[in-house]
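To start, the structure under review is shown below, and the notes come after it.
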Amino acid sequence: MDTSQMQRGQQWLEELLHLSGLPSDVAAEMNSSFAEESCWLTINSTSLTPEQIQILTGNGGAVLDSIQYLTNAILNLSQDREQQGAFTIELDGYRLRRYAELKDMAEQAAAQVRQTGEEYELQSLSSAERRQVHTMLKEHEDLETFSRGQEPDRRLVIRPLQAD
């Protein structure tokens, strides 16, 4: 992703926040924290009240996830494939805290699957969070992961690797 795409994302998100009555600066930087490189658009929380931060984050990060989905959809619309990029929206450290929680959940689930030999389902994860857990557990060669069910009840399943 080039600088102009990053600036476009930054400007678009600042305008969305302004139109929402929650004006704030946005910083843009490339980051590969979650095993995939994306442009992180970090909303400056210093100009927001705790209530505004909660509104923008939403229950379980739902509003932040929706803003991120909208950002990716709008900014990649009508772009050639090589011009498309991934955007991650961060606010008040939410993404980093949630990633640490997901990593703990994934490791605990992996340990349980190894101990019992039975599959384990992680529920209540967004599609982005399921993708992160798939990536986290990819290095565990004795386990496999897949998603089961239909939205909004789609679950991530972890089980011992099945012999072909």
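The values are calculated or read from the model by the stated rules, or taken from the named source; none is laboratory data. Keep in mind that what you see is a predicted model, and the values were worked out from it rather than measured. Protein only, heavy atoms only, side chains kept; ligands, DNA and RNA dropped before computing areas. Shrake-Rupley method; radii C 1.70, N 1.55, O 1.52, S 1.80 Å.
Some values worked out for this structure:
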| item | result |
| --- | --- |
| Shape category assigned to the range 122-164 from the gyration tensor of Cα positions, a/c cut at 1.5 | oblate |
| Isotropically averaged projected area of the chain, using the convex hull of Cα atoms (one quarter of hull area), nm² | 11.2 |
| Under-5 Å amide H pairs with SER147, H placed in peptide plane, nonlocal only | VAL157 |
| Solvent-accessible heavy-atom area per residue, rounded to whole Å², over the chain at 1.4 Å | 59 |
| Gyration tensor (alpha-carbon) shape descriptor, the range 59-124, a/c threshold 1.5 | prolate |
| Potential lengthening between GLU151 and HIS18 on full extension [0.36 nm per residue; Cα-Cα distance subtracted] | 44.7 nm |
| Under 5 Å, built H, 5+ apart or other chain: amide partners of THR88 | CYS39, TRP40, LEU41 |
| Whole-percent carbon and sulfur share, accessible surface of the chain, 1.4 Å | 47 |
| Over the chain, relative contact order from alpha-carbon pairs under 8 Å, at least 6 apart, % | 16 |
